[in-house]
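J.: Okay, here's the structure, questions in a sec.
Derivation of every value follows stated rules applied to the coordinates shown; laboratory data play no part. Here the structure is a predicted model, which means the values were calculated and not measured. Ideal geometry is used to build each Cβ from the backbone, glycine not excepted, and the neighbour counts take in all protein chains shown.
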Amino acid sequence: MILSAVPRLLRHRPRTLIPSNPFQQFQRYTHSPPKSQPKHTHTATPDPIEWLPLPRSLAYRKALMLLSIPLPPVHWPSHLDIASPLLATTSAMYKSLGIAVNAIYDGSGTDTTFSNEEVYKARIFWPDGMSKTYERFTMDSVSSEELQNDLAYVPEPFDSNRLAVAVEGDGKGLAKDTKEILVCTHGSRDCRCSDRGGALVYALREEVERRNLGARVKIREIAHVGGHKYAANAILLPTLDMMSNLTLEHAPSLISHILDPRADSQMWNHWRGRYGLTEAQQAELWSKVDPSKTVTSASARTPASLETRAERVELRFKTFEGELRTVNARIGSNLLEVGKENDLPSLEGVCGGNLECATCHLYIPSSPTPPVGEASDEELDMLGYALGYRDGESRLGCQVQVTKELGEWCAAGGVIGLPRF
């Protein structure tokens with residue numbers, strides 16, 4: 001499989017940068033090699049992505065059907081339905097029934113072209129957690145009596161308070177509590193899908209391995225979905241939620257979210273909608289999880305009386321565009337909280353400061369010597385997912401505390417850098 005050649009992301013693990021590695025050409029996902037490794041000629045910088053506001057609903061579909069095809073995504077043509085009569089027929093027939101149909105690659109098979117005798121595993125998912133698996137799905141299956149009966153299933157009534165769905169094991173190798181993340185990596189359709197989606201897939205698999213979640217979370221690749229302008233896009237199973245505007249930095253938080261989709265999860269910022277729900281139902285669900293209506297930062301929970309009495313220091317930040325920003329920061333808070341309080345760019349903190357992502361990544365230069373402690377192993381793990389990583393400077397804002405000494409460092413010329421993203 002193509003991903004087997006990709007060097008490990010995590011900074012403190014040995015890795016070899018292979019010039020032929022297909023991911024190295026994608027500028028957005030480049031890391032400087034650690035000091036303990038030989039330097040390589042690798043000077044690319046993150047590409048300029050302008051995130052677009054996300055629509056909060058998908059076109060209504062009663063269910064989602066997935067065909068597992070044996071072709072790795074690198075061999076997918078731009079339009080799979082032209083190359084696969086079975087996929088084309090299924091999509092056309094089931095679209096009239098309100099069923100979305102797509103293809104996925106689950107790691108099984110190394111074919112480079114579609115067979116004349118197409119036989120795939122197929123699965124259908126409904127929004128209440130019901131699913132059905134067909135081990136041998138063929139052209140004859142499309143209009144079979146079994147399928148027609150199954151497609152007549154009516155899901156349980158929608159409940160916007162139920163963010164997760166309960167599922168039973170499928171009896172085909174997936175346990176009851178297995179979750180799946182389907183990432184669009186359809187590069188022949190649009191390079192942004194493979195550029196961003198491919199890196200996200202690898203980061204997710206790294207995180208699954210690191211947390212020993214292989215039996216609970218499966219990472220698969222799906223054909224074009226979600227629109228390339230919102231890439232990377234992913235579908236979560238069994239909830240049927242679509243997530244967009246994703247990068248490899250979101251991998252840890254995305255896994256935590258799918259395991260426990262709490263209403264206060266900051267990953268809801270990336271929610272596009274949910275298959276199986278009407279537009280009105282999706283709007284109702286969004287009203288329950290909209291992060292702009294929830295309070296998660298520790299500083300926001302601090303009583304106003306304590307906030308007023310807290311000692312403060314001045315800190316200096318420089319944005320990616322070069323703008324210097326001086327802010328008053330409360331001693332005892334962390335740099336992520338400071339960024340949120342002062343509307344500093346690039347400090348997203350989707351995990352809420354729980355050391356489960358790299359979206360509060362920033363730079364603390366070594367000159368003058370900063371009064372901050374060494375990064376822990378856990379922080380280094382997350383920094384392995386940081387975009388625009390700089391050895392010796394990259395830190396996570398949630399792990400750096402505001403101190404009197406840090407204020408003095410800024411007064412002496414120290415400036416905290418903010419990345420592009």
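J.: Give, in nm to one decimal, the length gained when the segment between VAL119 and GLU314 is fully stretched (0.36 nm per residue of separation minus the Cα-Cα distance). Let's see the in-between values first.
T.: On the way: separation 195, 0.36 × 195 = 70.20 nm, distance 6.51 nm.
Value of the extension gain: 63.7 nm.
J.: I would also like to ask the following. Per residue, what volume in Å³ does the Cα convex hull of the range 63-293 take up?
T.: Values: hull volume 27.6 nm³, N = 231.
Convex hull volume per residue, Cα atoms: 119 Å³.
J.: Could I ask something else about it? Give me the aspartates and glutamates in straight-line cross-link reach of LYS218: C-alpha distance below 13 Å, same-chain residues under 8 apart excluded.
T.: ASP106, ASP177, GLU180, GLU206, GLU207, GLU209
J.: Would you list, by chain and number, the aspartates and glutamates whose Cα falls below 17 Å from the Cα of LYS95, excluding same-chain residues fewer than 8 positions away?
T.: Leaving aside aspartates and glutamates fewer than 8 places away in the same chain, those within reach of LYS95 are ASP81, ASP150.
J.: Ok, one more. Evaluate the relative contact order of the range 179-231 (contact order divided by residue number), counting alpha-carbon pairs under 8 angstrom at least 6 apart; express in whole percent. Kindly include the intermediate steps, with their values, before the conclusion.
T.: On the way: 67 pairs, mean separation 27.6, N = 53.
Relative contact order, the range 179-231: 52 percent.
J.: Highest mean first, what order results for 271-281, 359-369, 331-341 on Cβ atoms within 10 Å?
T.: On the way: 271-281: 19.5, 359-369: 17.7, 331-341: 21.5.
My ranking of the peptides, most packed first, is 331-341, 271-281, 359-369.
J.: Moving on. Please give the direction-averaged projected area of the C-alpha convex hull for the range 299-417, in square nanometres with one decimal.
T.: Details: hull surface 27.9 nm².
Average of the hull's projected areas for the range 299-417 equals 7.0 nm².
J.: Which of the residue pairs LYS132/LYS179; LYS318/LYS404; LYS293/LYS404; LYS179/LYS229; LYS293/LYS340 have a Cα-Cα distance greater than 23 Å in the structure shown? If you can, show how the numbers build up before the last one.
T.: Numbers: LYS132/LYS179 15 Å; LYS318/LYS404 20 Å; LYS293/LYS404 33 Å; LYS179/LYS229 26 Å; LYS293/LYS340 15 Å.
Checking Cα-Cα distances, LYS293/LYS404; LYS179/LYS229 exceed 23 Å.
J.: Here is a further query. Please tell me the relative contact order of the range 299-417 in percent, rounded to the nearest whole number, where contacts are Cα pairs under 8 Å and at least six residues apart.
T.: Numbers: 189 pairs, mean separation 39.8, N = 119.
It rounds to 33 percent for the range 299-417.
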